[in-house]
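Here is the structure we will look at, set down as structure tokens.
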Amino acid sequence: MLIAVDAMGGDHAPKAPCLAAINALKKRKDLEIALFGDENLLAPFLAKAKASIRKRIHVFNTTEVITANDSSSLAIRRKKDSSLVRAFYMVKSGEAQGLVSAGSTGAIAAGAVLLLGRIEGIDRPAMGIVLPLGAKQTLLMDVGASVRCKPVHLFQFAQMGSIYMSVLKNIKQPTVRFLANGEEATKGDETIGCARQMILDAGNLNYAGFAEGTDIVSGAADVIICDGLMGNAILKFGEGIGELLKKELKKEFTYHLLTKIGTLFLYPTLRRILRQFNWEKFGGLPILGVNGVVVKAHGRSSDKAIMNGILQAACLIEKDTISQIKSEIETTKRLLELNRKKAEEQPPC
């Protein structure tokens, strides 16, 4: 299994991607990694790896880097020798089975569509994030790939999200909800209402109704669907709240001697709780709906987070997620056509 890694993407590149590749190879003996980037910058970090590990790392020298300031689609078209574009072409050719990058979200999403192409029957790709909510895990999607969505897009996100949680998290018949401003069927706008009707017409998803904002953190559903604008705002708001709480707790713990003493006793419990909400252990966001496994790691990912992104990509490849999405889309298409014919055959009232 060969995974292409953009070694120049992310705030801590190329160090973090190089160390991530080394550590991922230690964990999986069946894995090989193609690193794309400036070979002179990569060499010092790779030199620290054992010879048995270095044999499974293939370095491809590149001369360009796509930055956050670049226009996403233009950069994909023009920067042909960038680490990200070269990695995408390796996946497109079939030589590599997946791609991991902590680079520009826009460029990764654009490259996935322009270079790999959409799965037939999927109008737009979507990014999903598994929220660390203690024992319960909820997939929220889309969180930034598609901002303005039509009903069919939300319907397709629901299909892909259900497959993802079924395959990756071993959940039988994952429950699916649409995010709205209330749980009643009359809530939401026309787009959400039409998407809801499409799910009911297909009848092959475990649809559980609408979800409110509080349901995201309560574990009310395995999959919660929204457009990319709302999902991205929720994701960034959650990250901001987390950073604020850490800052305030740190301030309070150092404020008074008694607080410091109490912290010594509470520390093991606090550490266990905070570990549950550590986003780095989930690796990255899968971009679903394109012809290839693509995992987008956070821009400020450490080597641990990127390593987990590589392992996540390996799992998606191993479980043949792309083929399962294609099969589900085809099944749904047949069900909708069958239901349409049945409705036409019904005698008028």
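Structure data summary
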read-out: Which numbered condition G262 fails, given (1) within 29 Å of the chain's Cα centre (by Cα); (2) open to solvent by less than 40 Å² (accessible area, probe 1.4 Å); (3) at pLDDT below 90; value: (1)
read-out: Output for the stretch 58-78, where each listed residue is part of a helix (DSSP H, G or I) and open to solvent by 60 Å² or more (accessible area, probe 1.4 Å); value: L74, R77, R78
read-out: The stretch 118-130: number of residues that are crowded, with 20+ Cβ neighbours inside 10 Å and either small (G, A, S) or part of a strand (DSSP E or B) (or both); value: 5
read-out: Residues of the stretch 289-315 that turn out to be closer than 25 Å to R124 by Cβ and surrounded by fewer than 21 Cβ atoms within 10 Å (Cβ to Cβ), as a count; value: 3
read-out: Test: residue in the stretch 166-188 that is open to solvent by less than 60 Å² (accessible area, probe 1.4 Å), in a loop (DSSP other than H, G, I, E, B), at pLDDT 90 or above and not hydrophobic (A, V, I, L, M, F, W, C); value: yes
read-out: Close pairs from the stretch 109-121: first farther than 19 Å from S83 by Cα, partner surrounded by fewer than 15 Cβ atoms within 10 Å (Cβ to Cβ), Cβ under 8 Å, at least 6 apart; value: G121/E330; G121/K333
read-out: Some residue of the stretch 208-216 being farther than 24 Å from V295 by Cβ, surrounded by fewer than 19 Cβ atoms within 10 Å (Cβ to Cβ), in contact with a Ser or Thr (Cβ under 8 Å, 6 or more places away or on another chain) and at pLDDT 90 or above; value: yes
read-out: Residue under evaluation K236, criteria (1) farther than 24 Å from P151 by Cα; (2) part of a strand (DSSP E or B); (3) not hydroxyl-bearing (S, T, Y), criterion not met; value: (2)
read-out: Filter result for L205 (in contact with a helix residue (DSSP H, G or I) (Cβ under 9 Å, 6 or more places away or on another chain) and either in contact (Cβ under 8 Å) with a residue 24 or more places away in the chain or crowded, with 18+ Cβ neighbours inside 10 Å (or both)); value: yes
read-out: Condition check for D30: closer than 17 Å to S302 by Cα, of a type in the set (D, E) and open to solvent by 40 Å² or more (accessible area, probe 1.4 Å); value: no
read-out: Restricting the stretch 280-304 to residues that are among the basic types (K, R) and modelled with pLDDT under 90, the residue that is nearest to F155 (Cα to Cα); value: K281
read-out: Residue in the stretch 5-27 that is closer than 21 Å to S146 by Cβ and touching a Leu at 6+ places or on another chain (Cβ under 6 Å) present; value: no
read-out: From the options K50, K92, K55, residue that is open to solvent by 20 Å² or more (accessible area, probe 1.4 Å) and closer than 20 Å to I287 by Cβ; value: K92
read-out: Selection from the stretch 29-54 of residues that are at pLDDT 95 or above and part of a loop (DSSP other than H, G, I, E, B); value: L31, D38
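The values are calculated or read from the model by the stated rules, or taken from the named source; none is laboratory data. Computed from a predicted structure; not experimentally measured. As a convention, Cβ positions derive from the backbone with ideal geometry for all residues, glycine included, and neighbour counts pool all protein chains shown. Please note that ligands, DNA and RNA were not included when accessible areas were found on the heavy atoms of the full protein model with its side chains. Shrake-Rupley method; radii C 1.70, N 1.55, O 1.52, S 1.80 Å.
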